[in-house]
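Here is the structure we will look at, set down as structure tokens.
The values are calculated or read from the model by the stated rules, or taken from the named source; none is laboratory data. Quantities reported herein were computed from a predicted structural model and do not represent experimental measurements. Counting neighbours? That spans all protein chains shown, and the Cβs are built from the backbone with ideal geometry, glycine included.
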Amino acid sequence: MRLLKNYLLLVLLAALLAHCASMGERRLSMNTAELQQKLNSKLAKPFTFMKVFHIQLSNALVSIDPASGRIHTLMDANVQSDLLANAATGKLGLSGLLKFDQARNAVVLDQPEVDSFQLDGANSQWNGLVQQITKDIGSKWLNQLVLYEVKPEDLSYAGRHYQPTDFQVTANGLQVTLKPQ
């Protein structure tokens, strides 16, 4: 009987130690596929430029450069306007620095740049004009776009409160480290 009590005590102690070990740092991850989904949903609503052009972005293809901390995205673009006989389609290339905003507990797109905007079938002069306009407005419109938010339920676990302390850009996506307070 005494052996059974010691065994049970040992099992309880092991369970307690395992529980305490799990109360340390936690990591939240978002891979490139999830980033693509997030961008597609964030940019799904068409935006209007100069009350004339209606631009719809979709089908984001995301790659991440861990060395620079930048995200690179190529998206389908559909442009409609009363000035155009038909809708114009093309590709928009976008990049930006991935940054963690402590105040919002969110990963945001910082210093965004429109790298390219090519409309199918347009001549080089027209594409050059479109690209210049989108470079000017794209960086303003997309600056601080939230790509990932740490959920309130992620900041509390087993009665402990956590605080985001570290943010890393990896080849596979993003990683936010939460430390107990």
Which listed residue is modelled with pLDDT of 90 or more and closer than 21 Å to Asp154 by Cβ, from Gln111, Gln37:
Gln37
When Ser81 is run through (1) under 24 Å from the mean Cα position of the chain (by Cα); (2) surrounded by 12 or more Cβ atoms within 10 Å (Cβ to Cβ), the failure sits at (1)
Counting only strands (runs of 3 or more DSSP E) entirely within the stretch 66-181, those with at least 3 residues that are over 19 Å from Asn31 (Cβ atoms) are 70-80, 88-101, 106-119, 160-169
Consider Asn172 carefully, then state whether it is on the phi > 0 side of the Ramachandran plot and touching a residue at least 12 places away in the same chain (Cβ under 8 Å).
no
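So if I check each of Leu98, Leu109, Leu94, Leu57, which one is surrounded by 18 or more Cβ atoms within 10 Å (Cβ to Cβ), of a type outside the set (D, E, K, R) and touching a residue at least 60 places away in the same chain (Cβ under 8 Å)?
Leu98
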